[in-house]
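In what follows, a structure is listed as structure tokens, so that the remarks can point back to it.
The values are calculated or read from the model by the stated rules, or taken from the named source; none is laboratory data. If you're wondering where the values come from, they're calculated on a predicted model, not measured in any experiment. Please note: Cβ atoms are built from the backbone with ideal geometry, for glycine as well, and neighbour counts cover all protein chains shown. Each accessible area value is taken on the protein alone, full model and side chains, heavy atoms only, with ligands, DNA and RNA left out. Shrake-Rupley method; radii C 1.70, N 1.55, O 1.52, S 1.80 Å.
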Amino acid sequence: GGWSAHLRSFDWELATRHDYNSVFGGATTGSGAIGWRVAPTLRLTASLGQGFRAPSLNEQFSPGFGGEFAGNPDLRPERSRSSELGAEWTPADDFSLKLAAYHTDIDDLIDFTGPLFQAENTEHARIDGLELETHWQDADWRIDGNATWQDARDPATGERLLRRASRKGDIALTRV
């Protein structure tokens, strides 16, 4: 369930969710976000949220490929907490630029790690990042771009998490 509202230059959203898994039980999570239009072309945002993810059947029971990437029936579900601060600049109806910084803490991250890349829980994981997003559109074309810089680590060891790019981006050109 969720509730969103708008009052003058502020808008906000509150949401809650309940997941139930026959093996791992239930989990209730929530999120909240607020936006403040400080000027006609500038909007500031902040959000907090929680997450829950039970292991998939593949992550639990896959036989893998030659012993690698095998499932693990002893996995625990992931639980996470995230926060984000952002700014969106829209100097014209056909152009916008958004910058956001985020932080996520994950308990029992499900990942394929170890010498044979078996599904395992990483007790704690932390992901800090910065994301830049832009949109431009005219009568016939739209360009969307996104760039992300992130630091994904196991805070207990300081090691980077496997298969998590420190930099990634995309650009799309669409005929509308």
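Given a 1.4 Å probe and every protein chain left where it sits, what share in percent of the accessible area of segment 96-141 is carbon and sulfur? Provide the component values of the computation, followed by the final result.
Details: 1350 of 2350 Å².
The value for segment 96-141 is 58 percent carbon and sulfur by accessible area.
Using the Karplus curve 6.51 cos²θ - 1.76 cosθ + 1.60 with θ = phi - 60°, work out ³J(HN,Hα) for each residue of segment 135-144 in order, rounded to whole Hz, and write x for Gly and Pro.
Along segment 135-144, the couplings run 9, 9, 8, 10, 5, 10, 10, 9, 10, 10 Hz.
Just to confirm, what accessible area per residue do you get for segment 1-143 at 1.4 Å probe, in whole Å²?
Values: 8830 Å² over 143 residues.
That works out to 62 Å² per residue.
Net charge around ASP107, counting only other residues with Cβ within less than 15 Å of its Cβ (Lys, Arg = +1; Asp, Glu = -1)? Don't skip to the answer; put the middle values down first.
Details: positive: ARG53, ARG76, ARG79, ARG81, ARG126, ARG153; negative: GLU78, ASP105, ASP108, ASP111, GLU120, GLU123, ASP154.
Summing Lys and Arg as +1 and Asp and Glu as -1 gives -1.
Relative to a virtual label point 7 Å from the Cα of LEU48 in the Cα→beta-carbon direction, which members of segment 107-135 show backbone nitrogen distances below 20 Å?
The answer is 107, 125-129.
How large is ³J(HN,Hα) for each residue in segment 164-176, as worked out from phi by the Karplus curve 6.51 cos²θ - 1.76 cosθ + 1.60 (θ = phi - 60°), to whole Hz, x for Gly and Pro?
For segment 164-176, the Karplus-derived couplings read 10, 4, 7, 9, 8, x, 7, 9, 10, 10, 10, 8, 9 Hz, x marking Gly and Pro.
If amide H atoms are built 1.01 Å from N in the plane of the peptide, which residues on other chains or at least 5 residues away come under 5 Å of the amide H of LEU161?
Hits under the 5 Å cutoff: ALA152, ARG153, ASP154.
At a 1.4 Å probe radius, carbon and sulfur cover how many percent of the accessible area of segment 1-50? Don't skip to the answer; put the middle values down first.
On the way: 2150 of 3550 Å².
So the carbon and sulfur contribution to the accessible surface is 60 percent.
Expressed as a fraction of 2.2 N^0.38 Å, the rule-of-thumb size for a compact globular protein of N residues, what is the C-alpha radius of gyration of the chain? Spell out each step's value before the answer.
On the way: Rg = 19.8 Å, N = 176, 2.2 N^0.38 = 15.7 Å.
Taking the Cα Rg and dividing by 2.2 N^0.38 Å, one obtains 1.26.
Between ASP140, ASP128, ASP111, which gets the highest mean-square fluctuation from a Gaussian network model of the chain, Cα cutoff 10 Å?
Of ASP140, ASP128, ASP111, the most mobile in the Gaussian network model is ASP140.
Pulled fully out, how much extra length does the chain show between THR16 and THR174, if you take 0.36 nm times their separation in residues and subtract their Cα-Cα distance? Walk me through the numbers before you get to the answer.
On the way: separation 158, 0.36 × 158 = 56.88 nm, distance 3.49 nm.
That works out to 53.4 nm of additional length.
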